[in-house]
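Here the structure is laid out as structure tokens; the discussion comes afterwards.
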Amino acid sequence: MPQFVYAVRVGRTPGIYKTWDECAEQVKAFSGARYKKFKTIEEAQAFIDDTDAPKNTTGGSPTNYQRKPPVAAAPQRPTPYTRPEKEGLLQPTDVNQTSKREFSTARRLCTTETVAVVDSHNVSSVSEDAPAEFSEEETAVVYTDGCCHNNGQEGALAGIGVYWGADSPLNIAEPLVGRATNNRAEIYAAVRAIAQAKELGKKKIVIYTDSQFLINSITQWVPKWISNNWKLLSGKQVVNKEDFEELLETMNDIVVEWVHVRGHQGVYGNEQADRLANEGVRKH
């Protein structure tokens with residue numbers, strides 16, 4: 001962990017960066033850039049999400065914790081994804097069959113970077129292995145995504161996407177109500193997916209998401225925030241307190257497995273969730 005991290009709230013690619021050079025690539029010669037240096041990732045993320053953050057901020061360096069990779073790490077326009085022939089099999093006429101096929105497809109297509117299982121009765125209970133075994137019929141598998149157009153700026157609009165399978169009636173593309181930020185959209189996409197799984201009588205849900213912020217928050221930071229009365233180390237209130245409280249409430253009585261996938265790398269389910277989230281924005 002570096003001594004400082006650099007948060008880019010408005011720039012070429014908003015996010016959290018480890019070095020000033022990487023941060024500078026996102027803000028130099030960018031009109032209206034907003035960025036700042038912090039000692040902790042939590043404070044940096046709060047700055048990115050805080051729509052009331054000071055406008056005249058200075059910074060002065062990303063492993064990459066942001067939702068999308070920095071310009072230096074990957075091209076902004078990846079090679080167009082060509083749908084594998086086997087993807088045509090994903091016809092979710094049956095929810096259980098969809099879960100089976102999506103799970104198999106996800107394991108085959110995506111590179112998982114983080115897997116954490118959270119027991120529904122104790123958010124602090126996190127392990128690399130599931131606390132209980134569930135059959136495929138008892139397990140839902142989905143991709144979720146959230147997006148925000150003009151994130152952190154006046155007039156921002158956000159949407160959420162939940163992808164169950166090709167042409168599935170369970171797929172969700174909805175506008176996000178309330179404060180519009182990328183991270184709120186990511187949180188509420190997960191909330192909607194978990195609520196759906198519970199309505200279907202599932203005992204476990206596997207959520208594939210490209211939001212490392214969401215995974216880190218629910219598996220690492222939230223337990224600390226709760227014990228600290230929802231305050232950051234700086235003493236400031238956690239910006240997304242109410243959002244995470246709703247997520248925790250929704251997680252009751254179901255086991256949630258979080259799997260991180262690399263966004264915009266041609267993972268079909270992730271690309272579809274992203275498409276649905278953007279469709280949700282257009283519904284405002």
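None of the figures in this text is laboratory data; all of them are computed from the coordinates on show. The structure presented is a predicted model; accordingly, all values stated were derived computationally and were not measured. Here the Cβ positions follow ideal geometry from the backbone for every residue, glycine too, while neighbour counts run over all protein chains shown.
Values as computed for the structure displayed
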read-out: Residue-count net charge about Tyr6 - beta-carbon cut-off 15 Å; Lys, Arg +1, Asp, Glu -1; value: +3
read-out: Under 13 Å, Cβ to Cβ, from Glu249 - net charge with Lys/Arg +1 and Asp/Glu -1; value: -3
read-out: Ser31, Ser211, Ser217, Ser227 arranged by Cβ crowding within 10 Å, fewest neighbours leading; value: Ser31, Ser227, Ser217, Ser211
read-out: Residue-count net charge about Glu25 - beta-carbon cut-off 13 Å; Lys, Arg +1, Asp, Glu -1; value: +1
read-out: Nitroxide proxy distance, nm - points 7 Å out along Cα→Cβ at Glu138 and Arg275; value: 3.4 nm
read-out: Packing-based exposure ordering (other Cβ within 10 Å, fewest first) of Lys39, Lys283; value: Lys283, Lys39
read-out: Per-residue Cβ neighbour rank within 10 angstrom, fewest leading, Ile207, Ile226; value: Ile226, Ile207
